[in-house]
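The values are calculated or read from the model by the stated rules, or taken from the named source; none is laboratory data. A quick note: this is a predicted structure, and the numbers were derived from the prediction, not measured. Note: ideal-geometry Cβ built from the backbone for every residue, glycine included; neighbour counts use all protein chains shown. The area values use the complete protein model at the heavy-atom level, side chains included, leaving out ligands, DNA and RNA. Shrake-Rupley method; radii C 1.70, N 1.55, O 1.52, S 1.80 Å.
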Amino acid sequence: MVPNLVLRLFLIGVLASEIWTQDRPGSLSSECLGSLLRVALNAEYFEDKYLIFAVVDQFGTAQEIDETLAAQCGYTIEYNYWGNIEFRASIISCYTHIESDVYTVTVQIQAATNPDMKNALTHLKTVSCPYSPWHPRELVCETNYMEVSVRRNVPQITDLLQDEPEDWALAFPEATAGAVSIWQVVFHLPTGRKALLASDAQDAGYGLNTTDTRILLRAPYNAPEAQLVKVRGVTFSAVRASTFYKQRWMILMVDTAVACPVDGMDYTDDTIVWTIPKSLQTLSAGSTSFNDLLVEIGVNLHKLSAREIASRKYVLSNNTDEITIQMPIGAEGGYYKTHVSEGQHGTKYYINMFLEHQWEDNRWGVTKHTIIKKIETPFKLVPPTITNNTNSSIRLVNVTVGTFLPDVELVNLTIDDTTVTVPEALQHGYKVYETRYPNGSKGYVMETPFDVPSIKKEYLTEDTRLYTLNVTLGFIVQPAHETFTVPVIIIYPVKDAVLPSARGFCDDENLYLTVVRGNVDQNWQPFISNLSLSPDAAQKHSYGLDDNGTHLTICVPLYAPHVLYEEIHSSGLTASLHLTMKDYTHADMIDFSISCRFSPKELIDCLPNGTMVITALKLAGIADLDTSLFVLRDKQCRPVTVTEKSATFIFNVNTCGTSRKFEDTIMTYENEVSYFRPGSITPIYQLKCACQYIINETIIVQYSSRNNPAPSVEPGFGSLALTLRLFKDQSYSDSYVEIEYPVVKYLKEALYFEVELLHSEDPQLELYLEDCWATTSQARDSSPQWSIITDSCKNAEDSHQTIFHKVDSDARVKFPTHLKRFEVKMFTFMQDGNALLEQIYFHCSVVICDARRPASDLLCARRCIPRKQRLGKWIKKSNLCASDAQVLHSNGILMQQADIDSVAVLRHIICMGMCLLEQYSSKVNELDAIIPQSNALGP
């Protein structure tokens with residue numbers, strides 16, 4: 001078959017003026033090969049050229065060759081990836097000039113560098129080949145056509161009539177009625193006979209020709225009348241035809257049958273087996289004897305001698321039924337071609353074999369059968385070899401990838417997910433060049449320094465780093481433009497690791513560590529204990545941190561949380577700072593520490609008034625020490641302040657078991673801080689401390705007494721502001737603001753209220769809730785109503801009783817006595833069994849009392865106020881309210897569960913209450929919180 005590339009060349013048209021030239025020396029060569037001739041194109045000259053082939057007829061007209069004309073007229077064009085192109089022609093092709101057994105063919109080749117064929121050069125090559133003697137019958141099986149030629153002096157017609165009388169019956173009427181020299185072809189088909197005039201046969205793609213002595217029929221393998229025939233497992237394409245020629249006074253009939261194998265190839269891992277059966281009924285019809293005369297094989301149409309067959313390790317077998325040729329894959333004369341299958345690199349082996357078989361039978365005499373076979377082996381996966389030639393002494397990664405056939409070209413590299421061309425790779429530090437080998441194959445060498453960013457470096461051991469190169473090479477296979485990639489991963493250990501080192505020092509108040517980075521710790525993070533020392537963490541703890549890429553300096557105050565204390569004596573305090581460098585997995589890589597001795601003066605303070613202030617520090621060697629359990633000699637003396645690492649005692653020198661002694665003019669007070677494990681009487685920690693006072697100095701102080709008037713209390717008047725707020729949760733940190741009302745709540749969802757006395761700095765005031773209730777309108781005396789708090793107590797009639805919350809001091813609350821907090825479950829009012837789709841408003845009345853004398857007024861007692869002592873107006877609760885999942889009747893009050901899934905909306909409008917007070921006397925002030933009910937109900 002004609003290769004696809006050749007078909008593309010056939011279809012190119014000439015668009016520019018032609019420049020004619022005769023055969024340039026060395027550009028074309030020719031040779032005669034029996035009944036075939038060949039013109040070879042010089043690969044170096046015609047490489048990367050666009051070509052058009054044509055033959056010149058007897059009138060000098062160039063007949064451009066396409067696929068159909070090639071098969072019909074006896075032309076073959078073949079191309080392989082080595083750049084070899086050849087043109088073959090049957091010496092009895094359509095436009096052959098014949099004279100005295102010399103056959104002349106003139107081929108025209110147009111070559112251009114662009115597909116538009118502008119400035120194309122036209123080459124002419126005339127080849128003359130003598131051929132004699134002819135055998136009575138010669139068959140040629142080319143790669144794209146089948147051909148049979150026979151002598152005109154065929155057996156007598158009477159003999160043929162006996163063999164094929166039906167042919168005469170079909171052809172004779174047309175032949176006898178036609179003019180002189182009328183040709184006709186009769187095809188023998190399984191369904192019967194089919195007769196075509198010569199012109200019709202040519203229109204169907206058949207080639208018919210005649211010389212003075214020969215008659216020829218040529219057919220493509222897929223001719224309309226071709227039949228596939230199986231012979232001993234091998235498929236043949238066969239055309240069985242009889243050709244009739246009318247001359248004066250006689251009609252000639254010639255058997256022009258032809259058959260060619262289309263398969264018969266078997267493959268092992270290293271061997272090709274080609275089998276050609278001998279018994280072809282199509283070619284031996286009418287004969288009764290068969291005698292082998294000659295079997296020869298060759299490569300590229302050149303016959304091999306017995307010695308050459310043996311040297312190439314071919315095995316030729318010829319038995320009664322078949323001819324078998326065994327040849328090693330890769331044998332001389334063939335070539336490999338690169339292919340890609342599922343993205344993987346591999347090869348196929350190609351070789352152009354031919355077989356010439358001559359035999360003699362009692363019908364035809366001698367038959368010469370020439371079979372040209374282009375053999376292609378199955379795809380074989382060939383992973384490219386990656387050779388690591390890295391030289392650590394010059395710090396250069398050197399990798400060779402290959403080997404590849406010449407049809408493979410490296411086009412790009414993918415480095416760190418970025419694909420670049422080969423020239424662009426140099427900008428990334430990669431030098432890539434091609435290397436050729438004596439057998440014509442090639443490889444690609446890639447070089448790059450160790451220090452390019454794309455090479456990953458990983459610390460491996462004490463002195464070794466692991467270098468990892470990960471680059472993907474992209475290749476293209478010509479001329480089919482198939483692509484494949486080769487990942488190149490090189491892992492190379494190098495003993496060049498430089499670990500970080502450190503130096504440290506201390507001043508009076510700080511510990512310093514400076515780490516000199518090596519080449520393995522660029523991604524290591526510093527940790528102090530379990531603290532990752534990021535810039536934010538350092539700033540949070542007031543640590544100094546400076547990292548310029550080569551030096552990391554850390555400054556930590558002496559009494560910082562992460563400093564460890566190893567020893568404390570009156571002579572000094574030994575403190576240490578431990579720094580650990582960790583990798584991204586938080587694995588410890590290397591440790592550094594600095595230890596210094598400091599003055600303990602910051603741990604003890606001796607005040608002139610006889611007060612001792614002692615700070616005891618937790619020592620690093622006692623892991624389970626609890627600083628809150630530090631005690632002085634008097635174990636009742638406990639620390640005033642405690643942290644995780646320290647405890648501070650403040651006591652007078654005359655207390656806590658402090659001893660005193662005199663020495664000359666010095667008076668010394670001594671005590672000690674101890675720590676006992678629970679249940680033990682022996683301390684595991686003991687810190688002795690002493691204060692010394694000089695007693696030989698006298699200070700004269702003059703003083704006199706003065707009687708200050710006793711403080712008095714005068715009654716007065718003023719105004720106090722109060723507020724009722726609704727908060728979003730129990731933390732009481734975020735209250736609803738005006739724009740957020742009305743507030744939507746579900747039934748039984750908690751409402752968090754807070755009542756606060758505003759703008760007062762008097763710690764002697766305390767606020768108490770008297771009554772809190774809910775209504776459906778802003779008017780606090782409106783109906784219906786429901787009590788939330790009654791006489792400072794929970795409503796005993798409500799199954800979801802009010803919950804009171806303790807108020808503690810915090811950043812917002814300065815005086816807890818100025819606030820009261822309580823929690824109510826969301827509800828809705830019911831009337832006649834239906835929910836009132838209105839808003840709910842909350843109201844409270846409060847009492848301001850003297851926190852020093854709460855019992856001085858009945859309203860200020862810290863307990864629920866009896867009904868008979870309560871001031872104010874009793875509000876009759878005779879309305880409907882949704883509560884628990886039950887129906888209760890009590891004092892005319894009906895409470896019924898509302899089984900509805902809806903939402904209640906709270907609207908909070910603050911009405912600032914005012915209260916006039918006589919000096920800390922109790923008065924009642926009513927503070928209203930208005931929370932309207934929405935038009936929807938809650939679950």
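Beta carbons closer than 6 Å, at least 6 apart along the sequence or on distinct chains, pair a first residue in region 295-322 that is touching a residue at least 60 places away in the same chain (Cβ under 8 Å) and open to solvent by less than 80 Å² (accessible area, probe 1.4 Å) with a second that is in a strand (DSSP E or B) and hydroxyl-bearing (Ser, Thr, Tyr) for 322/275. Can you tell me which residues in region 511-522 are assigned to a strand (DSSP E or B) and more than 15 Å from residue 593 (Cβ to Cβ)? Correct list: 516 only. Taking region 757-804 as the range and being open to solvent by 20 Å² or more (accessible area, probe 1.4 Å), polar (S, T, N, Q) and outside any loop (DSSP other than H, G, I, E, B) as the test, only 790 passes.
Residue-wise test of (1) touching a Phe, Trp or Tyr at 6+ places or on another chain (Cβ under 6 Å); (2) surrounded by 14 or more Cβ atoms within 10 Å (Cβ to Cβ).
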residue: 441; (1), (2): no, yes
residue: 448; (1), (2): yes, yes
residue: 451; (1), (2): no, no
residue: 469; (1), (2): no, yes
residue: 473; (1), (2): no, yes
residue: 476; (1), (2): no, yes
residue: 486; (1), (2): no, yes
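Within region 388-400, the set of residues being assigned to a loop (DSSP other than H, G, I, E, B) and open to solvent by less than 40 Å² (accessible area, probe 1.4 Å) comprises 390 only. Residue selection: residue 246 fails the criterion of being open to solvent by 10 Å² or more (accessible area, probe 1.4 Å), part of a strand (DSSP E or B) and without any contact (Cβ under 8 Å) to a residue 40 or more places away in the chain. Residues in region 740-749: is at least one open to solvent by 30 Å² or more (accessible area, probe 1.4 Å), modelled with pLDDT under 90 and farther than 20 Å from residue 824 by Cα? Within region 740-749, not a single residue is open to solvent by 30 Å² or more (accessible area, probe 1.4 Å), modelled with pLDDT under 90 and farther than 20 Å from residue 824 by Cα. Is it fair to say residue 639 is free of Cβ contacts under 8 Å to residues at least 60 places away in the same chain, within 23 Å of residue 600 (Cα to Cα) and not hydrophobic (A, V, I, L, M, F, W, C)? Judged against the criteria, residue 639 is a match. Here residue 563 meets the list (1) β-branched (Val, Ile, Thr); (2) loosely packed, with under 14 Cβ neighbours inside 10 Å; (3) touching a residue at least 40 places away in the same chain (Cβ under 8 Å) almost entirely, failing just condition (2). Listed conditions (1) in contact with a Phe, Trp or Tyr (Cβ under 9 Å, 6 or more places away or on another chain); (2) over 17 Å from residue 721 (Cα atoms); (3) at pLDDT below 90 are all met by residue 811, apart from (1). Before we move on, is residue 403 under 16 Å from residue 444 (Cα atoms), part of a strand (DSSP E or B) and modelled with pLDDT under 95? Yes: the conditions hold for residue 403. Scanning region 523-546 for residues that are more than 19 Å from residue 645 (Cα to Cα), open to solvent by 90 Å² or more (accessible area, probe 1.4 Å) and outside any strand (DSSP E or B) yields a total of 4.
Against the list (1) open to solvent by 30 Å² or more (accessible area, probe 1.4 Å); (2) in a strand (DSSP E or B); (3) touching a helix residue (DSSP H, G or I) at 6+ places or on another chain (Cβ under 7 Å), the condition residue 808 fails is (2). Just one residue in the set 76, 106, 61 is open to solvent by less than 50 Å² (accessible area, probe 1.4 Å), among the hydroxyl-bearing types (Ser, Thr, Tyr), over 50 Å from the mean Cα position of the chain (by Cα) and more than 19 Å from residue 140 (Cβ to Cβ); that residue is 106. Kindly establish whether residue 518 is of a type outside the set (D, E, K, R) and in contact with a helix residue (DSSP H, G or I) (Cβ under 7 Å, 6 or more places away or on another chain). No.
Any chance region 65-82 includes a residue that's more than 24 Å from residue 352 (Cβ to Cβ), touching a residue at least 24 places away in the same chain (Cβ under 8 Å), touching a strand residue (DSSP E or B) at 6+ places or on another chain (Cβ under 8 Å) and not hydrophobic (A, V, I, L, M, F, W, C)? No, region 65-82 contains no residue that is more than 24 Å from residue 352 (Cβ to Cβ), touching a residue at least 24 places away in the same chain (Cβ under 8 Å), touching a strand residue (DSSP E or B) at 6+ places or on another chain (Cβ under 8 Å) and not hydrophobic (A, V, I, L, M, F, W, C). Look through region 214-233, keep the residues that are open to solvent by less than 50 Å² (accessible area, probe 1.4 Å) and among the charged types (D, E, K, R), and return whichever of them is farthest from residue 275 (Cα to Cα). By that ranking, first place goes to 214.
For region 408-434, the tally of residues that are open to solvent by 10 Å² or more (accessible area, probe 1.4 Å) and either at positive phi or more than 26 Å from the chain's Cα centre (by Cα) (or both) stands at 10.
Being aliphatic (A, V, I, L, M) and part of a strand (DSSP E or B) is the filter here; which residues of region 89-119 pass it?
89, 98, 102, 105, 107, 109, 111, 112
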